[in-house]
Each structure stands twice: as structure tokens, then as C-alpha cells.
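Student: Have a look at this one before I ask anything.
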Amino acid sequence: MRKALRALGWIAAVVVVLVLGALVYLGLAYPRADNPPEVEIEATPELLARGDYLFNSVTGCVVCHSPHEPTVAGARVIPGREGEGGPEFPIGSAGTLYARNITPAALGEWTDGEIVRALRDGVSRDGTPLFPLMPYFNFRRLSEFDLTAIVAYTRTLAPRESEVPERELAFPMNLIVRMMPGPAGPYPAAPDPASRVEYGAYLVTAASCGDCHSPMDDRGRPLPGRELSGGNPFPTGDGWVAHSANITPDSATGIGLWTRERFISTVRERAAAAGSPLSESTRLSPMPWIAYAGMTDEDLGAVYDHLRTVPPVRHEVVKFTREGAGTPQ
Ligand code: HEC
Ligand code: HEC
């Protein structure tokens, strides 16, 4: 008996040493991050115009990193507070994230390379790993021109001081998050806007449509075969839950019957209706209608052309349900 106890004691001690070793290893070896690239971005008017377009109308930077008018559908940003951070993103039992201040009041001391590294590799200036709700896995698929355009434009935001709470990540997410970032490698080639479907796919990645519209497993990875088929729940804070729509070309449950014209006009009309009295088509929704309405007809058309080519998935989504009513499947 005593022998057995002693053996157990040894095993426990070994386990403790192994776990401590693993924790120290995770702390030292992760996040994997290269030194920030040594770049100095020359902000030409052409680059700034592209950065303005992407930041405000495509890549969602302004949507996530600015406070919203809480009563207006389509994620309308409070004018004058662009980029000051603050929005809260609960991630279930894993904790809470807060979009950070990205105006020059906060990023002023960062080098261009440090901002590039945050957007592509997913580490903050001091090496803190960023949680991938900040879509660096998508942004690393942007061309060098587009990514540096966003960085250059970010520098031109009006500096605003703001208090953003520190994120809270519970064990084990506080360790798992360390393994997520990593060197993004070379920039992919710039897409050719003349190849509509390909360019549309590029915009859909840049706009992170899939992050909201693709059903995920419990580790946040898109379920294979169900990409863009919707149903992800977003509580809107007014007693309702919005569920992302099925935007695959399934004609019964997706947007298979939509024409290109209907797709483009829906984005414009939903953005214009945001702020009018709440109805079934103006209910609070996290879908960034207002930001995307800033996209050109050509670009929205390319998004549509790409969406026509993804596999159709039959998945009926009820877009708005009462809170507590459960998630319809
Ligand atoms: C879906 C919401 C979302 C989108 C879209 C988004 N961000 Fe973020 N971003 C976040 C969150 C949340 C954090 C904080 C992550 C954390 O604390 O782990 C963050 C962190 C950052 C950081 C690091 C700041 C710091 O102090 O460490 C930078 C820089 C940044 N974002 C810039 C951008 C830019 C530029 C864009 C557009 C190209 C963008 N973000 C798009 C949500 C978003
Ligand atoms: C922040 C999450 C989020 C992002 C990002 C997002 N959507 Fe949505 N989307 C939603 C939600 C939620 C709905 C359902 C509520 C509504 O209609 O506003 C929706 C609805 C839609 C609809 C309406 C479909 C219908 O049947 O009425 C279309 C079309 C759409 N999204 C396309 C897109 C495209 C294309 C992108 C990327 C360019 C995108 N969404 C990005 C959350 C998002």
C-alpha cells in the first residue's frame, strides 16, 4: 500500500513537472513571431484612396473598431469616433475581447512594420498574440498594395484618446491563443480585377463574409461543405437574435434566385433603410450593410459573381428570432 502511494506521488510529481514544462514552453516558444518587417510606407494619394476604400467599405476595420449607434441596423458608426475602439466581443466561456484604439493616439509610436505584422501575423507591438476574431488570417491574403494602403490610411485617422478595457481570456484559451499567430510569409500576388469571380473571392475574403456566414465547429473552424450557408447567431441586445443568412446559390434557402441587380440594390436599400423605424427589414443586425454600401457596383457585382460559384447548400435560416427561442437549424 505504502509503495503504491509512493508510486502515485512520483507520478503526480512527474505530471506537475511536465505540465509546468509545457506551460513554460508555451510561454517562451509562442507566439511564433518574426521581427516586424522593416518597411516605410510612402503614402501616395493613390495608396491613401485605396486604403480609405478598403478600411471603410470592405475590410470591416471601421465597423469593428468604432462605437456604433445602438439603435440603428446595419452597424452605423458614430460619426467622429472612427477607429477609437471599444466594441465588446464576448467569445462565450473563453472570455471577452475589446476592439482596440487604432487611431494615431494609440498607434502613433508603432512603426509601419509593427502595424503590418499585427494585420498579417497576429501579434501586437509588444508580442502579445491577438485573438483571430481580429481577422488576420484573412488580411494575410491581401496583396502588398492593399495591405500597405490600409496601414497608410490608418495613420490619417483623427487621433482620439479612449479607454479600452483589457481583454479577458480564461484558461485554457489564454494559452491556446499563443499558438494561433505566426509568420504569414510573402504577400500573395495582387488579384486581377478583370477576373470577376477570382476578384470577387478576394473581396469576400477581405470582407470576412465567411466569419459571420459560415457555420463553425466549436474551435471556430468553418464546417466543411457548409461554407456560407448561414445560421450563426448574433444577439442584438434588444431581445432579438439575428442569424446570418444562407448566401450560397441554393435556390430554395439561399440567394440562388437573386439577380446581380437585386444583390446590389439590396445592399444599397438595406443601408439606406438603417435608422428608419424597426421593421422586419430594418431590425437591428450586425450585417455591415452601411459599410458595404460604400463598395462600387463593380465590386459588389464581383462579390455576387463569386457567390454564384460556391457550392449551393440547402439550409433554411430564420433571420430573426426572439432571444431564448433557441437557434433554428
Ligand atoms: C471582426 C472585428 C474586427 C475587424 C473586422 C478588424 N478588427 Fe482589428 N481587432 C479586433 C479585436 C477584437 C482586436 C483585439 C484582439 C485581442 O485583444 O486579442 C483587434 C486588434 C487590432 C490591432 C492590434 C491593436 C493592439 O493594440 O494590439 C490592430 C492594429 C487592428 N486590430 C487593426 C485593424 C485593421 C486595420 C482592420 C481592418 C483591416 C481591423 N483591425 C479589422 C477586431 C477587428
Ligand atoms: C458581422 C457579421 C456579418 C458579416 C461580416 C457579413 N454578414 Fe451578411 N448578414 C449577417 C446577418 C446577421 C444577416 C441576417 C440579418 C440581416 O439580413 O441583416 C446577414 C444577411 C446578409 C444578406 C441578406 C440575405 C437575405 O436572404 O436577405 C446578404 C445578401 C449578406 N448578408 C451578404 C454578405 C456578404 C456578401 C458579406 C461579405 C461582403 C457579408 N454578408 C458579411 C451578418 C454578417
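The values are calculated or read from the model by the stated rules, or taken from the named source; none is laboratory data. All of these numbers come straight from a predicted model, not from anything done at the bench. Cβ atoms come from the backbone with ideal geometry, glycine included; neighbour counts cover every protein chain shown.
Student: Restricting the stretch 125-181 to residues that are more than 19 Å from the chain's Cα centre (by Cα) and small (Gly, Ala, Ser), which is farthest from ligand 2 (Cβ to nearest atom)?
Tutor: Gly127
Student: Consider only pairs whose beta carbons are under 7 Å apart and that are at least six residues apart or on different chains; among these, list those whose first residue lies in the stretch 39-65 and is touching a residue at least 12 places away in the same chain (Cβ under 8 Å) and farther than 23 Å from Gly200 by Cβ and whose second residue is within 16 Å of ligand 2 (Cβ to nearest atom) and hydrophobic (A, V, I, L, M, F, W, C).
Tutor: Once the first residue is touching a residue at least 12 places away in the same chain (Cβ under 8 Å) and farther than 23 Å from Gly200 by Cβ and sits in the stretch 39-65, its partners that are within 16 Å of ligand 2 (Cβ to nearest atom) and hydrophobic (A, V, I, L, M, F, W, C) give His65/Ala99.
Student: Which of the residues that make up the stretch 249-264 are within 11 Å of ligand 2 (Cβ to nearest atom) and of a type in the set (S, T, N, Q)?
Tutor: Thr253 - this is the single residue of the stretch 249-264 that is within 11 Å of ligand 2 (Cβ to nearest atom) and of a type in the set (S, T, N, Q).
Student: Just checking, which of Phe89, Phe55 is of a type outside the set (Val, Ile, Thr), within 11 Å of ligand 1 (Cβ to nearest atom) and assigned to a helix (DSSP H, G or I)? Talk me through it step by step, then tell me what you get.
Tutor: Working: Phe89 fails: assigned to a helix (DSSP H, G or I).
Just a single option satisfies the conditions, and that option is Phe55.
Student: Read through the list (1) outside the structural domain of Phe145 (by TED's automatic domain parsing); (2) part of a loop (DSSP other than H, G, I, E, B); (3) free of Cβ contacts under 8 Å to residues at least 60 places away in the same chain, then give the number of the only condition that Phe234 fails.
Tutor: Status for Phe234: all satisfied but (2).
Student: So Gly254 clears everything in (1) within 16 Å of ligand 1 (Cβ to nearest atom); (2) part of a loop (DSSP other than H, G, I, E, B) except one condition, right? Which one?
Tutor: Here Gly254 meets the rest and fails (1).
Student: Could you please give the count of residues in the stretch 105-127 that are near ligand 1 (Cβ under 7 Å from one of its atoms) and touching a residue at least 12 places away in the same chain (Cβ under 8 Å)? Steps first, please.
Tutor: Within the stretch 105-127, the subset near ligand 1 (Cβ under 7 Å from one of its atoms) is 106-107, 115, 118-119, 124-125.
Now narrow it down to the ones that are touching a residue at least 12 places away in the same chain (Cβ under 8 Å): 106-107, 115, 118-119, 125.
Summing the residues that are near ligand 1 (Cβ under 7 Å from one of its atoms) and touching a residue at least 12 places away in the same chain (Cβ under 8 Å) in the stretch 105-127 gives 6.
Student: While we're here: For the stretch 135-170, which positions are over 21 Å from Gly182 (Cβ atoms), of a type in the set (D, E, K, R) and either in contact with a Pro (Cβ under 7 Å, 6 or more places away or on another chain) or not assigned by TED's automatic domain parsing to the domain that holds Thr103 (or both)?
Tutor: Answer for the stretch 135-170, where residues must be over 21 Å from Gly182 (Cβ atoms), of a type in the set (D, E, K, R) and either in contact with a Pro (Cβ under 7 Å, 6 or more places away or on another chain) or not assigned by TED's automatic domain parsing to the domain that holds Thr103 (or both): just Arg155.
Student: Sort out which residues of the stretch 92-110 are buried (at least 16 other Cβ atoms within 10 Å of the Cβ), part of a loop (DSSP other than H, G, I, E, B) and away from ligand 2 (no atom under 16 Å from the Cβ), and write them in order of number.
Tutor: Within the stretch 92-110, Arg100, Asn101, Ile102, Thr103, Trp110 meet the criteria.
Student: Next question, about the same structure. Among the residues of the stretch 44-53, are any outside the structural domain of Pro286 (by TED's automatic domain parsing), within 20 Å of Glu161 (Cβ to Cβ) and within 16 Å of ligand 2 (Cβ to nearest atom)?
Tutor: The answer is no, given that none of the residues of the stretch 44-53 is outside the structural domain of Pro286 (by TED's automatic domain parsing), within 20 Å of Glu161 (Cβ to Cβ) and within 16 Å of ligand 2 (Cβ to nearest atom).
Student: Taking Pro188, is it modelled with pLDDT of 95 or more, more than 30 Å from Leu278 (Cα to Cα) and not assigned by TED's automatic domain parsing to the domain that holds Leu300? If you could, list the steps in order and put the result at the bottom.
Tutor: On the way: modelled with pLDDT of 95 or more: yes; more than 30 Å from Leu278 (Cα to Cα): yes; not assigned by TED's automatic domain parsing to the domain that holds Leu300: yes.
The answer is yes for Pro188.
Student: Let me ask something else about it. Which one of Glu269, Glu280, Glu261 is modelled with pLDDT of 95 or more and acidic (Asp, Glu)? Can you show your working first?
Tutor: Details: Glu269 fails: modelled with pLDDT of 95 or more; Glu280 fails: modelled with pLDDT of 95 or more.
Selected residue: Glu261, the only one of Glu269, Glu280, Glu261 that is modelled with pLDDT of 95 or more and acidic (Asp, Glu).
Student: I would also like to ask the following. Restricting attention to the stretch 8-52, and to residues there that are modelled with pLDDT of 80 or more and β-branched (Val, Ile, Thr), which single residue is nearest to ligand 1 (Cβ to nearest atom)? So that I can check it myself, show each step before the final result.
Tutor: Our first condition is that a residue be modelled with pLDDT of 80 or more; within the stretch 8-52, this holds for 30-52.
Right, trim to β-branched (Val, Ile, Thr) and you get 39, 41, 44.
Numbers: Val39: 15, Ile41: 13, Thr44: 19 Å.
Checked the stretch 8-52; the qualifying residue nearest to ligand 1 (Cβ to nearest atom) is Ile41.
Student: Could you list, in sequence order, all residues of the stretch 143-173 that are within 11 Å of ligand 1 (Cβ to nearest atom) and surrounded by fewer than 16 Cβ atoms within 10 Å (Cβ to Cβ)?
Tutor: Passing the criteria: Pro165, Glu166, Glu168.
Student: Against the condition surrounded by 19 or more Cβ atoms within 10 Å (Cβ to Cβ), small (Gly, Ala, Ser) and within 15 Å of ligand 2 (Cβ to nearest atom), how does Gly200 come out, does it pass? First the steps, then the outcome.
Tutor: On the way: surrounded by 19 or more Cβ atoms within 10 Å (Cβ to Cβ): yes; small (Gly, Ala, Ser): yes; within 15 Å of ligand 2 (Cβ to nearest atom): yes.
Against the criterion (surrounded by 19 or more Cβ atoms within 10 Å (Cβ to Cβ), small (Gly, Ala, Ser) and within 15 Å of ligand 2 (Cβ to nearest atom)), Gly200 qualifies.
Student: Do we find that Leu300 is surrounded by 20 or more Cβ atoms within 10 Å (Cβ to Cβ), among the hydrophobic types (A, V, I, L, M, F, W, C), near ligand 2 (Cβ under 10 Å from one of its atoms) and without any contact (Cβ under 8 Å) to a residue 40 or more places away in the chain in this structure? Can you show your working first?
Tutor: Numbers: surrounded by 20 or more Cβ atoms within 10 Å (Cβ to Cβ): yes; among the hydrophobic types (A, V, I, L, M, F, W, C): yes; near ligand 2 (Cβ under 10 Å from one of its atoms): yes; without any contact (Cβ under 8 Å) to a residue 40 or more places away in the chain: yes.
Yes; evaluated as a whole, the condition is true for this residue.
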